[in-house]
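S.K.: One structure follows; several queries about it will come next.
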Amino acid sequence: LSRGIGEPDLAGRHVVVSAGGTREYLDPVRFLGNRSSGLQGIALARTAAARGAEVTLIAANVTLPAPAGVKVVEVSTTAELREAVVSAAIAADVVVMAAAPADFRPTSVSDAKIKKSSDGSAPSIELAQNPDILKEISQHRSRDGQVIVGFAAETGDDTGTVQELAVAKLARKGCDLLVVNDVSGGAVFGSLENEAVILSADGASTPVPRGTKAAVAHAIWDRAVRLLDGA
Ligand code: CTP
Ligand code: CA
């Protein structure tokens with residue numbers, strides 16, 4: 001049962017949305033990053049505010065303007081994102097991890113700009129795995145009844161189909177809902193439209209037809225509101 005757009009069914013609720021892509025610095029001017037635009041996260045923040053929520057947007061390297069009436073916390077690295085999400089989650093009824101955290105970071109960050117060597121050799125970069133923020137906040141809930149939503153873009157591979165990988169990821173993370181994008185058809189980054197399936201920890205699966213990121217965001221809030229209401 002979908003609720004009417006504009007109905008303040010998130011009034012009195014505090015929601016936290018992360019958006020964008022983290023950067024992991026090699027030196028003061030270079031980083032490892034990803035192509036997340038932050039558009040879906042911004043659409044989630046805007047639609048939650050329109051539905052009456054108090055919204056905190058944790059923005060990782062997002063260049064687009066934040067929606068009006070939304071509190072913004074700017075972060076850059078995955079470590080900073082983790083700190084901001086864990087601290088904002090304490091007061092949150094819903095946390096949506098729409099950000100794309102870099103999975104790895106260089107084991108060390110050079111204080112000085114890395115220079116080329118005269119013999120033409122290239123340095124190798126040693127990487128360490130970043131903490132899994134979604135898993136951490138799902139497994140150590142700061143509030144009873146808190147709803148935690150993750151995202152997954154999957155292509156499917158020789159270990160499983162998109163659906164199988166997504167079901168396994170939802171269980172591994174321990175979140176309540178997982179918004180799954182099938183990206184096997186090609187790039188979706190920066191696209192204005194999105195298409196998804198919302199998987200629920202109870203096994204339910206809700207298809208969201210191709211539409212704007214705002215329409216996908218409303219479908220996610222519809223599901224989250226049902227969980228908040230205990231349905
Ligand atoms: N996520 C997170 N912390 C990380 C990596 C991912 O909180 N260090 C969150 C993302 O914001 C997203 C969800 O976990 O909501 C799934 O991200 P994804 O990259 O698909 O999951 P990974 O566990 O990193 O798995 P993969 O090896 O498929 O990248
Ligand atoms: Ca990842």
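S.K.: Looking at 42, 5, 90, which is the one that is farther than 30 Å from residue 125 by Cα and at pLDDT below 95?
M.R.: Details: 42 fails: at pLDDT below 95; 90 fails: at pLDDT below 95.
None of the other options fit; the residue is 5.
S.K.: Pull out all pairs, ordered by first then second residue, where Cβ-Cβ is under 6 Å, the residues are six or more apart or on different chains, the first lies in region 143-171 and is modelled with pLDDT of 95 or more and of a type in the set (Gly, Ala, Ser), and the second is surrounded by 17 or more Cβ atoms within 10 Å (Cβ to Cβ) and not in a strand (DSSP E or B).
M.R.: Close Cβ pairs satisfying both conditions: 150/134; 150/173; 150/175; 152/166; 152/169.
S.K.: Among the residues of region 162-203, what is the count of those that are in a helix (DSSP H, G or I), touching a Lys or Arg at 6+ places or on another chain (Cβ under 7 Å) and more than 16 Å from ligand 2 (Cβ to nearest atom)?
M.R.: 0
S.K.: Next up: Which condition number in (1) away from ligand 1 (no atom under 13 Å from the Cβ); (2) surrounded by 13 or more Cβ atoms within 10 Å (Cβ to Cβ) is the one that residue 118 fails?
M.R.: Just one mismatch for residue 118, condition (2).
S.K.: Can you name every residue in region 97-134 that is within 16 Å of ligand 2 (Cβ to nearest atom) and among the β-branched types (Val, Ile, Thr)?
M.R.: Correct list: 133 only.
S.K.: Which numbered condition in (1) within 15 Å of ligand 1 (Cβ to nearest atom); (2) in contact with a strand residue (DSSP E or B) (Cβ under 6 Å, 6 or more places away or on another chain) is the only one that residue 93 fails?
M.R.: (1)
S.K.: If we scan region 205-213, do we find a residue that is out of contact with any strand residue (DSSP E or B) (no Cβ under 6 Å at 6 or more places or on another chain), part of a helix (DSSP H, G or I), more than 11 Å from ligand 1 (Cβ to nearest atom) and not charged (D, E, K, R)?
M.R.: Taking every residue of region 205-213 in turn, none turns out to be out of contact with any strand residue (DSSP E or B) (no Cβ under 6 Å at 6 or more places or on another chain), part of a helix (DSSP H, G or I), more than 11 Å from ligand 1 (Cβ to nearest atom) and not charged (D, E, K, R).
S.K.: Looking only at strands (runs of 3 or more DSSP E) that lie completely in region 79-134, which have at least 3 residues being closer than 24 Å to residue 169 by Cβ and over 14 Å from the mean Cα position of the chain (by Cα)? Lay out the reasoning, then the answer.
M.R.: Values: elements: 94-97, 104-106, 127-129.
Once the strands (runs of 3 or more DSSP E) in region 79-134 are filtered for at least 3 residues that are closer than 24 Å to residue 169 by Cβ and over 14 Å from the mean Cα position of the chain (by Cα), what remains is 127-129.
S.K.: If residue 82 satisfies every condition in (1) among the basic types (Lys, Arg); (2) touching a helix residue (DSSP H, G or I) at 6+ places or on another chain (Cβ under 6 Å); (3) without any contact (Cβ under 8 Å) to a residue 24 or more places away in the chain but one, which is the exception?
M.R.: (3) is the only condition that residue 82 fails.
S.K.: Go through (1) in contact with a helix residue (DSSP H, G or I) (Cβ under 8 Å, 6 or more places away or on another chain); (2) surrounded by 13 or more Cβ atoms within 10 Å (Cβ to Cβ) and name the single condition residue 153 misses.
M.R.: Exception for residue 153: condition (1).
S.K.: Is there a residue in region 135-152 that is in a helix (DSSP H, G or I), over 26 Å from residue 43 (Cα atoms) and either more than 16 Å from ligand 2 (Cβ to nearest atom) or not aromatic (Phe, Trp, Tyr) (or both)?
M.R.: Step one: filter region 135-152 for residues in a helix (DSSP H, G or I), giving 135-139.
Of the ones still in play, those that are also over 26 Å from residue 43 (Cα atoms) are 139.
The next check asks that each one be either more than 16 Å from ligand 2 (Cβ to nearest atom) or not aromatic (Phe, Trp, Tyr) (or both); those that pass are 139.
Yes: region 135-152 contains one or more residues that are in a helix (DSSP H, G or I), over 26 Å from residue 43 (Cα atoms) and either more than 16 Å from ligand 2 (Cβ to nearest atom) or not aromatic (Phe, Trp, Tyr) (or both).
The values are calculated or read from the model by the stated rules, or taken from the named source; none is laboratory data. Remember, it's a predicted structure, so these values are computed and weren't measured experimentally. Virtual Cβ from ideal backbone geometry, glycine too; neighbours counted across all protein chains shown.
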